[in-house]
Amino acid sequence: GAIAQLALDDGIAARIRFDGDVPPPRDRLYFRGPVLSNFDGREWTAPPPWERGFLPANLRVRGEPVRYAVTMEPSNRPWLLTLDAVRDAPEVTGLRVSQTPDLQWFTNRPVGDLLRYRVESYLDFDSGPTRRLPGLQVYTALPPGSNPRTAELAGQMAAEARVAAAGTDFVPLLVRAAQQRLRTGGYSYTLDPGVYGDQTADEFWFDRKAGFCEHIASGFVVLMRAAGVPARIVTGFQGGELNGVDGYWTVRNSDAHAWAEVWQEGRGWVRVDPTASISPDRIGQFRRLAPAPGFLAGAVGAMSPTLVQNLRAAWEAVNNGWNQWVLNYTQSRQLDLLKNLGFDSPSLADLAYVLLLLLVAASLGGAAWTLWERGRVDPWLRLLAEARKRLARAGIAVPPNAAPRHMAEQLAVRFGAEASAAPREWLLRLEAQRYARQPEAGLPALRAELRRLRWPAASPAASVASSTA
């Protein structure tokens, strides 16, 4: 759902400057975000604050820390992007930061502007209790009757692991058995796994055998919990790439990832990335998406991939240089820059002229880049976004990651099956166009039909409620 949509977005989430000449290996770069441990049988959510306090973080680190500075893009979320795991609070000017027991760092308000902060992370660490405590029980919870085939499989695998463990902790053997099944059982990694039903883990392990990292992590954690092993999902970013122009490490939205943490006796929470068992290439270097058909796509596609990558790196380095300059803003430093450019006695007027020229150059470059980026946006997602706008005008608010089928269901609930028949049928055809093996309708036909389609209008009461919400 949400992570799969982020994977289609090559926008920048953060830029990182590591201290020293050599950054850590790419496959060890896990940037921690929300930790999901509540499962209703279909969706995972983060626990409320009063549940997180039952077990302390108990972070135990080894070795020397990795030191770095993060320049994070606005996210409108109160989250800090940090490399696993951070012991001491990041240095953030103007914000208060705090850490949850599951090791995620929060700010006291959403990050609405470019934010720079310094962090120390320990790549070798353990966390959580080292012996079984009652508070771990929440991490084994599953809805009654949920995913029965996965539960049966978990029982068989756990029994075999216990026999092989011969009285020692069976969890490492169970984890390895699950990873082996993922490697050899015909499972595949895909951005378009189709629409999963209510028994998501059963569908993944036995029917579809295909999914994105969130499906793989979810199926793995359900399997662990069904075997009585505490487990949870961690979301965030994995990997990134070095910008060879300015030396910054770039983390993109398309690096969004989900992995698992499994509790082991004597160690606590241990990271397990089940996606690596299916698609090792995903860990450390995400498959960068090719430009979708559209304006300038043909010209860009004909260019050397290396040339395109170098042009993008140069443009992003210019943007980053400007951002860093703004964050380091002082008048004296700007006048010093003018002296380096050849101005003998620079004044504020000279500074204004230079800034104007830079602004014009940045605008022209940004416009050209925007035209290229526009052609790379998935046309199916553009149609879905337009449908979401139509629903909003009809008084129905749906989350950004809502599937077309969910939108159709909301239309039927609000306006009735008969009154909403035409737009509901269109939404179902849109979903089929994405996921069906032989879709009946193409995107151009769906786009043309959307222009002609009449959507139900919001009632006055709904409009008032929407405007006052």
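Please treat every number below as a calculation from the coordinates, not as lab data. Keep in mind it's a predicted model, so treat the numbers as computed, not measured. Backbone-built Cβ (ideal geometry, glycine too); neighbour counts: all protein chains shown.
In table form, for the structure just shown:
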{"read-out": "Values of log10 I(q)/I(0), in the order q = 0.19 Å⁻¹, for the stretch 17-161 under a Debye, Cα-only, solvent-free model", "value": "-1.22"}
{"read-out": "Net lengthening on full extension, residue 206/residue 398 (0.36 nm per residue, minus Cα-Cα)", "value": "66.0 nm"}
{"read-out": "Rounded if a/c under 1.5, otherwise prolate or oblate - the stretch 174-259, Cα gyration tensor axes", "value": "prolate"}
{"read-out": "For the stretch 137-142, 3J(HN,Hα) per residue [Karplus equation, 6.51 cos²θ - 1.76 cosθ + 1.60, θ = phi - 60°, Hz, x = Gly/Pro]", "value": "4, 5, 8, 10, 6, 9"}
{"read-out": "Selected from 175, 129, 37, residue furthest toward positive end of dipole (the stretch 2-282; charges at beta carbon)", "value": "129"}
{"read-out": "The stretch 2-282, dipole about Cα centre (Lys/Arg Cβ +1, Asp/Glu Cβ -1), debye to the nearest 20", "value": "560 debye"}
{"read-out": "Using θ = phi - 60° and Karplus 6.51 cos²θ - 1.76 cosθ + 1.60, couplings along the stretch 228-236 (whole Hz; Gly, Pro as x)", "value": "x, 9, x, 7, 8, 9, 10, 10, x"}
{"read-out": "Proxy reagent accessibility, fewest Cβ within 10 Å first, across 429, 77", "value": "77, 429"}
{"read-out": "Extended-chain gain in nm, criterion 0.36 nm per residue less alpha-carbon gap, residue 188 and residue 91", "value": "30.8 nm"}
{"read-out": "Hz values of 3J(HN,Hα) by residue in the stretch 128-136 - Karplus curve (6.51, -1.76, 1.60), Gly and Pro given as x", "value": "x, x, 9, 10, 5, 10, x, x, 6"}
{"read-out": "Residues 10, 113, 273 arranged by fewest to most Cβ contacts within 10 Å", "value": "113, 10, 273"}
{"read-out": "Estimated FRET transfer efficiency when R0 is 25 angstrom, pair residue 141-residue 163 (beta carbons, to 0.05)", "value": "0.40"}
{"read-out": "Alpha-carbon centroids, the stretch 93-138 and the stretch 75-89: separation in whole Å", "value": "6 Å"}
{"read-out": "Estimated D of the stretch 2-282 in µm² per second, where Rh is the Kirkwood radius over Cα pairs and Stokes-Einstein applies at 10 °C, 1.306 mPa s", "value": "81 µm²/s"}
{"read-out": "Order of 270, 221 under a 10 Å beta carbon neighbour criterion, fewest first", "value": "270, 221"}
